[in-house]
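What follows is calculated from the coordinates using simple rules that are stated; it is not laboratory data. For clarity, every value in this text was computed on a predicted model and none was experimentally measured. Using ideal geometry, Cβ is built from the backbone for each residue, glycine included, and neighbour counts are taken over all protein chains shown.
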Amino acid sequence: MAVKVFFKKDTVSIVFGEDGNQMYFATFDYEFRLMAAYKSPNLYRRGFNNQILLGNVFSSESFFLTKEGSKRILQNIYEDAIDVFNSRSYRVDLKQQSNDLVNHFIEKVEKTTFDEVILDGERFEELYKPINILPPDQYLSLYIPITEGCSYNKCSFCNLYKDRRFRIKTEGEINNFINKIVNYFGFSLLTRRGVFLGEGNALVEDAEKIIESIEIIKRELKQSKFAHSKLDDSFAGFMDTFYTKKTHEELKKLKERNLSKVFIGIESGSEYILNKLLMKPSNRGNLVQTLKNLKSVDINVGITVMVGVGGRELSEEHIKETLNLLFGFDLGENDIIYLSPIVEYPDLAYSKLMEEYNLSRLTSEEIKTQMGMMKESLLKRFPKTKVSIYRVDRFIY
């Protein structure tokens, strides 16, 4: 059977074989960067840094391959793709793309060696510091850090920004960074869906400074031949509710500049868990008011709550208090609630506090049970709102 190549609006898919249970295909962007591949029964997702996340159609679990393991898989897929175009033994579907972009892709294939694939991943790692986390529905955003680090950076469970001090980036830094990433991404920008303003709680900035950053990003992207017209139609970012106090008018101005979604880590509704275990400031009144202000100007919200936090002894309190808190919110079909299983790091305070308070950890099955209970209750209360899992240890960009 002939290999099929589908040139779509923003990606190119190569179907090597679809014989019963032996399906094999790979999807690339127009810079010939692999995005994902499926070779039954395995699903491979590639990050720009050449890291591979391996999944399986018969399991909900996934894991990262070693550097050498990732390299072997990548080499096999790239060699297969290059062989297809070198031999010209394929059928083409051009319905959704221009000849110029198709020719650009084919030229990239003809010029690319596997050594260049490895160097391309290294170039990405030099650009970013790295990208530590994004909400799952933002994995295809263009990540542009307008701050560095986290302004609080004391949560007992989080190690994402321990290696950097918080600071707000200058206009010159943002300008320079955008130029670098536009040159790096090239037509890979066609796969990006909106802009994510990094890092840990970038929306802690003054509203006027955020607006200034958004305007810089819009201006620079519009000057690029690679960026599609809708790339800057939506902006998103993380916000805390203990340092960040945005008024209705400030949020209205941000909405007018296309800030469309804000992500807030609530973690738990239990004051005890927040203060004693997570070491995260809590101000329920401020949180409720912030969400009201966001919804009043039609900014959608993504809310993250943890699963398994506090162990077996505090499980009931965590579920009850968290649901009570969430049930007081006005959430709609464009909002999302993320349930995020606790990930422990032995060198962080959370692990030590669990021992200090003699709290027993939930098993993986108990965590699944707790997640199921919370999801069922949330979907009953918010039938139009998406409730989804958020595995922070499975993030790939």
Any residue on another chain or 5+ positions along whose placed amide H is under 5 Å from the amide H of residue 268 is listed here as 306
In whole µm²/s, the translational diffusion coefficient that Stokes-Einstein assigns to region 279-378, given a Kirkwood hydrodynamic radius over C-alpha pairs, 37 °C and 0.692 mPa s, equals 219 µm²/s
The residues 366, 171, sorted from fewest to most surrounding Cβ atoms within 10 Å, come out as 171, 366
Pairs over 29 Å Cα to Cα, from 154/246; 111/261; 162/225; 67/108, come to 111/261; 162/225
Cβ-Cβ cut-off under 9 Å around residue 260, Lys and Arg +1, Asp and Glu -1: the net charge is 0
Note on region 1-141: the mean projected area of its alpha-carbon convex hull, in nm², is 9.4 nm²
Toy charge model, Lys and Arg Cβ at +1, Asp and Glu Cβ at -1: region 88-222 dipole around Cα centroid in debye, rounded to 20, equals 240 debye
Exposure proxy check on 371, 306, 23: fewest-to-most Cβ neighbours within 10 Å is 23, 371, 306
Between the alpha carbon centres of region 80-95 and region 121-164 the gap in Å comes to 37 Å
1/(1 + (r/R0)^6) with r = Cβ-Cβ of residue 168 and residue 76, R0 = 45 Å, i.e. FRET efficiency to nearest 0.05, evaluates to 0.55
For the residue 106, residue 140 Cβ pair and Förster radius 22 Å, calculated FRET efficiency rounded to 0.05 is 0.35
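Taking each pair of different alpha-carbon atoms in region 184-256 once, compute 1/r for the pair, average those values, and report the inverse of that mean as the Kirkwood hydrodynamic radius in Å to one decimal.
Answer for region 184-256: a Kirkwood hydrodynamic radius of 13.3 Å.
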Unpartnered Cys in the chain, judged by a 4.7 Å Cβ-Cβ cut-off, are 150
Region 65-145: Kirkwood hydrodynamic radius (Cα pairs, Å) comes out at 15.5 Å
Highest GNM mean-square fluctuation among 385, 241, 191, for the chain with Cα springs under 10 Å, belongs to 385
Evaluated at 4 °C and 1.567 mPa s, the Stokes-Einstein D of the chain based on the Kirkwood radius over Cα pairs, in µm²/s, stands at 57 µm²/s
Relative contact order of the chain (C-alpha contacts under 8 Å, at least 6 apart) in percent is 13 percent
Whole-Å distance linking the alpha carbon centroid of region 212-279 with that of region 347-397 is 24 Å
With no solvent term and unit scatterers on the alpha-carbon positions of region 227-339, Debye gives log₁₀ I(q)/I(0) at q = 0.18, 0.22, 0.23 Å⁻¹ of -0.90, -1.22, -1.30
Taking a crude spin-label model, label points 7 Å out from Cα along the C-beta direction, the residue 247 to residue 18 distance in nm is 5.8 nm
Expected sort for 35, 373 with the fewest Cβ neighbours (10 Å cutoff) up front is 373, 35
Computed for the chain: size of charge dipole around the Cα centre, +1 on C-beta of each Lys and Arg, -1 on C-beta of each Asp and Glu, debye to nearest 20, value 640 debye
The chain, Gaussian network, Cα under 10 Å: of 245, 295, 352, the residue fluctuating most is 352
Candidates 99, 300, 153; GNM for the chain (alpha-carbon contacts under 10 Å) flags as most fluctuating 99
